[in-house]
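The values are calculated or read from the model by the stated rules, or taken from the named source; none is laboratory data. These numbers come from a predicted model, not from an experiment. Cβ placement follows ideal geometry from the backbone for every residue including glycine, while neighbour counts extend to all protein chains displayed. Areas reflect the complete protein model, heavy atoms only, side chains present, ligands, DNA and RNA absent. Shrake-Rupley method; radii C 1.70, N 1.55, O 1.52, S 1.80 Å.
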Amino acid sequence: MASKIGIVIEREYTTRVMKKSFILMTFFAPLFFILLSALPGLLVAFGGEDEQVVAVIDHTGLYGEVLKSNDLYTFVIADQPLEHYSQAGEEAEVSGVLEIRQDLREDPKALSLYSFRTLPSGIEDYINRQLSDYTTKQKLLASGGQGIEEIIAESQNKVSAATYKLDEEGASQEVSSTFAEVFGMVLAFAVYMFVSIYGGVVLQSVMEEKKSRIMEVMVSSVRPFDLMMGKIIGVGLVGLTQIIIWVLLLVIFSQVGLFFLGDWAAANTASGATDALTTADLNEFTGFLDNINFLEIGIFFVLYFIGGFFLYASIYAGLGSSVSSDEDAQTVMWPITVLMMVAFYVGFACMKSPESTLATIASYVPFTSPVVMMVRIPYGVALWELLLSVAVLYASFVLMVYLSARIYRVGILLYGKKPSLLEIGRWMLKG
């Protein structure tokens with residue numbers, strides 16, 4: 001029987017990429033994730049806290065002007081006693097009343113905040129911080145004489161060490177461990193997500209054809225191995241197509257985003273703002289981007305995706321062929337799902353220590369290396385380590401494909417009782 005693996009690949013690929021669900025997911029999912037990530041900021045900007053007005057009753061006469069109003073909290077000197085606001089209840093024109101009973105330098109707890117409804121938690125922190133800073137300075141002034149406040153202001157010294165990576169020739173380039181940490185976890189999650197989703201697609205495809213009995217017709221003209229490999233390669237190409245489109249969209253969105261951020265940063269710099277993004281901050285960020293070898297990362301991302309996908313998809317296909325109901329399929333899926341979750345959690349554990357013993361060992365274990373290596377690559381990994389890890393991964397998936405093909409050949413025509421693990425083991429050994 002001539003090999004018809006190309007026909008199976010073409011059928012699996014074209015059938016799936018032409019589906020409306022694939023098109024919608026591919027082009028609208030990135031936009032959805034961008035909007036989802038921006039949602040908290042939008043909610044704070046447009047639907048955040050209402051302005052809270054707090055009346056300050058200061059029996060000491062020392063702190064009435066200390067509390068500074070901002071966009072969220074407004075402080076006014078009370079012109080009525082506490083009883084007046086208490087009798088007014090929710091009809092009062094203020095959100096709450098702050099009563100200061102005596103000098104806070106002598107008794108830091110001599111103040112109370114009253115309200116007629118639950119106030120936002122941030123207002124308590126804001127009041128406590130303002131009054132604590134003021135009373136601390138007053139105590140220092142009382143003990144140190146004049147000029148102590150200026151000394152305190154001048155003594156504020158924010159230390160920030162720039163981080164550089166040295167190569168074997170002694171050249172250095174500026175790096176950011178925080179950026180590498182975040183970037184690595186994004187890559188690791190992408191591999192985990194794509195392998196999980198499309199590995200499950202392979203299992204569902206096998207299950208659907210087996211339940212509809214179309215499998216019996218297909219194996220009469222296509223060898224079981226060609227059928228299994230055609231499914232795996234076809235579905236893998238679908239995933240790779242989606243990855244390529246997402247990368248292109250990411251490049252476009254990032255360029256547009258940097259353009260608008262540049263205008264915003266320039267405006268902040270011109271206005272002298274220090275608590276917002278400035279041109280210097282943006283230049284520092286783009287400098288980190290310039291020092292990242294995106295070509296190397298992209299190549300190894302594809303290599304690890306292909307290796308990880310073939311490894312797990314062959315397991316999905318082999319075990320999926322041995323069952324004939326959705327309930328049994330869930331039974332065989334959960335060990336694979338747990339294995340992938342372990343790989344993700346190991347990658348998360350290696351995020352803070354990419355050169356640890358755990359990270360090194362997990363980089364060569366084929367079930368964890370696709371995720372762990374994505375965490376480590378932004379920090380810088382020797383080329384020989386990457387090549388050795390990829391070689392082990394690909395050798396493992398070739399072996400797994402061979403063993404899964406033996407299960408697949410027997411399992412696709414097996415209906416009824418679910419085979420035991422011992423029986424599946426015999427299929428692998430005897431073929």
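Scanning segment 28-37 for residues that are open to solvent by less than 40 Å² (accessible area, probe 1.4 Å) and at pLDDT 75 or above turns up just one, ALA29.
Six or more apart or on different chains, Cβ under 6 Å: which pairs go from a residue in segment 104-133 that's of a type outside the set (A, V, I, L, M) to one that's part of a loop (DSSP other than H, G, I, E, B) and modelled with pLDDT of 80 or more? Could you list them? Sorted first by the residue in segment 104-133, then by its partner, the pairs are GLN130/LEU67.
Where helices (runs of 4 or more DSSP H) fall wholly inside segment 136-232, the ranges with 2 or more residues that are at pLDDT 80 or above, surrounded by 18 or more Cβ atoms within 10 Å (Cβ to Cβ) and of a type in the set (Ser, Thr, Tyr) are 177-211. Any chance you could count how many residues in segment 290-307 are touching a residue at least 40 places away in the same chain (Cβ under 8 Å) and either out of contact with any Phe, Trp or Tyr (no Cβ under 8 Å at 6 or more places or on another chain) or open to solvent by 10 Å² or more (accessible area, probe 1.4 Å) (or both)? So the count comes out to 11.
For segment 325-380, filtering for residues that are among the basic types (Lys, Arg) and open to solvent by 10 Å² or more (accessible area, probe 1.4 Å) leaves 1.
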